[in-house]
Each structure stands twice: as C-alpha cells, then as structure tokens.
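Working notes for the structure below.
The values are calculated or read from the model by the stated rules, or taken from the named source; none is laboratory data. Everything quoted here is computed from the prediction, not taken from an experiment. Glycine gets a Cβ as well: all are built from the backbone with ideal geometry, and neighbour counts include every protein chain shown. Heavy atoms of the whole protein, side chains included, go into the accessibility calculation; ligands, DNA and RNA do not. Shrake-Rupley method; radii C 1.70, N 1.55, O 1.52, S 1.80 Å.
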Amino acid sequence: MSVLPDQSRSAVSADDLKRSLQTKQASNRFLNWLKSWKPTWKQEKYLYVLALPGLLYFLIFKYIPLWGLSLAFTEYSPYLGLFKSEWVGFKHFQSFFANPDFWLLFRNTLAISFLNIILFFPMPIIIALLLNELKNVTFKKWVQTSIYLPHFLSWVVIVGICFLTLSGSGIINKLVVESGGQAINFLTNPETFWGMLTAQTIWKETGWGTIIFLAALASINPELYEAAKIDGANRWKQMLYVTIPGIKGTVIILLILRLGQVLDIGFEHIYLMSSSAVTEVADVFDTYAYRVGIQNGRFSFATAVGIFKSVVGLILVLLADRAAKKLGEEGVY
C-alpha cells in the first residue's frame, strides 16, 4: 500500500525537474539574447535612437491609455478617481445594448461605412492605375499635387465649402432658381445625407490614398511588362494581367485593415454635417457616445461604447484575415 505514495512523489518530482529544466533553458536563452544584443546595440545605436520617438509615441498614446478601458466596468467619478470608483461590471454594456436607439445607431454606422468601402475604397486604386498610365511626367506630378491638396484641409473647411455651395442660399441653388427651378434642400434631406458624406470623403481623401498604391505599382518588375508586350498584350491587357495582380496583395491587406474601422467613421465629419432635420440618418455610435457619454458626464458609458466598436473591428479583421488566407492570399499577420 505504500508504493502508490512513492510513485506519486516520484511523478511530482519528475514534473518539478522538467519545469525547472524548462525555466533554466528559457533563462539561458534570454541571457544569450542579451549577450548577442549588446554588440548589436553598439553597432546600430543610431537606428535605435531613430526609432525611439515612434516607440515612445506608441507607449504613451497607445499602450498606457489601455488602462483607461477599465472605466467601462466602473461607475467612474472624477472626484473618486479610477481606483476608488464603484465596480459595476457589465452594467454599461447592458444599458447600451438595451437602448432602443442601438439598432438605429448600428444601421446608420454600417450604412455609411459600407458606402465608404464600396464607393470610396476603390477610388484611390482606380486613380493610381490611371496615373500610372500617364507618360507625361510634368502633367502627372501636377495632377498628383492637385488631388493631394484636399487631404490637408480640415473637415471644418470641407463642411464650410459644402454649406456655401449646397445650402438654400448657396451657389448651386441660386443657379437652379435663376434657371427657373426650385431650390433643393441638399443639407436637410435625409435621403441624400449618406451620399453627400461619401462624396465629401471621396473628394478629400482619394488623392492621399493613391500614395500607397502608386508605391505598390512602382515595385512591379518592368520585365513583366516587356514580356507581356512580346506576347502581344496591349495597354489594357497589361493592366489587367500584370498591374492589377501586382498590387492585389496590397489591396487585400488595406481592405482587411479597413474592415477593422467599420464602426469608426469619423466623429468630426458626422458631427459637423448633422442637424435636427437629419438626426434619424446621421446619429452614429461616435456622436451618440459624445452626446450621451461625454456631454452628460457618463465617461464610463462612453468608454463602453468605444470598447464595443473596437471588439467588432477586431472580430472583422480576424475573420477577413482568415478568409484571405483560405483563398491563398497573404493576411495581415
């Protein structure tokens, strides 16, 4: 009867010995890495110094603020602070999902986001392909500079231009009235609100978005075009069978990353364009979190809304990445 305890003790001691060996091996690997890192640091110290601002940026503005996500699980009070505020668990999430406006917010956010994906996302690709076909370098640079400029304008300026041109007393309506027609309510018409937002985004960001695709086009081997010419391919077929496959990987990666922002459509743009006449189609998660969470001092509730958006984006990125790999393409990671 005394054999079993001895066997169990030997088994436990064997497990302990195995764990201690694994710990020692990991420690040795770490020490070896430190020894190999020292000469690397001396040789490439200027590269580490060059990378330091970027590392500090991500540390200060991306990683340290992650601790603030705990606000979503507390009844945060500025007077009590983060550590002394009452812990309420998933109360704010339950309140958010039970809100009768949740599905309205969800519909508006998805509609605007998918319009951007369907209409805006392909535009930089199309413009980059067209610019790549231009042979006049001077004209090409002039066009690139012209379409880059709107990116550097703030949404306040963009919306101001929109109001000056599309309002009831704007330039377009004045021309319509002078030609015998009736003024059109562009800014207060819920049916045209989503399309107007998408058109503004296309005009502002299309040029800037071409930079990545032009860089991808520049990396295509010119010998592929020469081979296509020898095979009798015209310019259209060269684009179809050489250019587009050459940037397909970049397009897929950017599309996957764009799906991660499907619920993050930009607070400033929506907020500036919103009015009481279009609230039913303009109210999205960002504006709702600002109105209900920030303006009313419900910081924990606003944090819960932000976490929900991030979780949905993460799930979509993971699913899209897995789908891309199953189709034989490279994913994000």
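Among 96-109, 193-206, 286-299, the peptide with the highest mean count of other Cβ atoms within 10 Å heads the list, and the full ranking is 193-206, 286-299, 96-109.
Bin width 10 Å, origin at 0, all Cα-Cα pairs of segment 232-293: what percent of pairs per bin? Binned Cα distances yield the sequence 18, 28, 18, 17, 15, 4, 0. Working from label points 7 Å from Cα in the Cα-to-Cβ sense, the residue 153 to residue 235 distance is 3.0 nm.
Estimated from the Cβ-Cβ distance and a Förster radius of 56 angstrom, the FRET efficiency linking residue 322 and residue 295 is about 0.90.
What the phi angles of segment 95-109 give under the Karplus curve with 6.51, -1.76 and 1.60, with θ = phi - 60°, is a coupling list of 5, 5, 6, 7, 5, x, 8, 4, 5, 5, 4, 5, 5, 4, 5 Hz, glycine and proline written as x. Between residue 174 and residue 70, full extension at 0.36 nm per residue minus the direct alpha carbon distance yields a gain of 32.1 nm. Sketch the reach of a paramagnetic label on residue 107 as a point 7 Å from Cα along Cα-to-Cβ, and name the residues of segment 172-189 whose backbone nitrogen lies under 20 Å away. The answer is 188-189, whose backbone nitrogens lie closer than 20 Å to the label point. 3J(HN,Hα) along segment 260-274, derived from phi through the Karplus expression 6.51 cos²θ - 1.76 cosθ + 1.60 where θ = phi - 60°, amounts to x, 10, 5, 9, 10, 9, x, 5, 4, 4, 5, 4, 6, 8, 6 Hz, with x in place of Gly and Pro. In the context of the full set of protein chains, segment 56-142 has a per residue accessible area of 69 Å² (1.4 Å probe).
All C-alpha pair distances within segment 46-160, sorted into 5 Å bins from zero, spread as 2, 8, 8, 9, 10, 12, 16, 13, 9, 6, 4, 3, 1, 0 percent across the bins.
Taken over the C-alpha atoms, the chain has Rg and Dmax values of 28.1, 107 angstrom.
The convex hull of the Cα atoms of segment 85-147, projected and averaged over all directions, covers 8.0 nm².
Given a 1.4 Å probe and every protein chain left where it sits, what share in percent of the accessible area of the chain is carbon and sulfur?
About 67 percent, which is the carbon plus sulfur part of the accessible surface.
Charge tally for residue 224 (other residues, Cβ to Cβ under 13 Å; Lys, Arg +1; Asp, Glu -1): -1. Solvent-accessible area per residue in segment 225-304 equals 51 Å², computed with a 1.4 angstrom probe and all protein chains kept.
If N is the number of residues in segment 142-241, what value comes out of its Cα radius of gyration divided by 2.2 N^0.38 Å?
That works out to 1.65 for segment 142-241.
Quote to one decimal, in nm, the extra length available between residue 51 and residue 311 on full extension: 0.36 nm per residue of separation minus the C-alpha distance between them.
Numbers: separation 260, 0.36 × 260 = 93.60 nm, distance 2.93 nm.
Fully extending the segment from residue 51 to residue 311 adds 90.7 nm.
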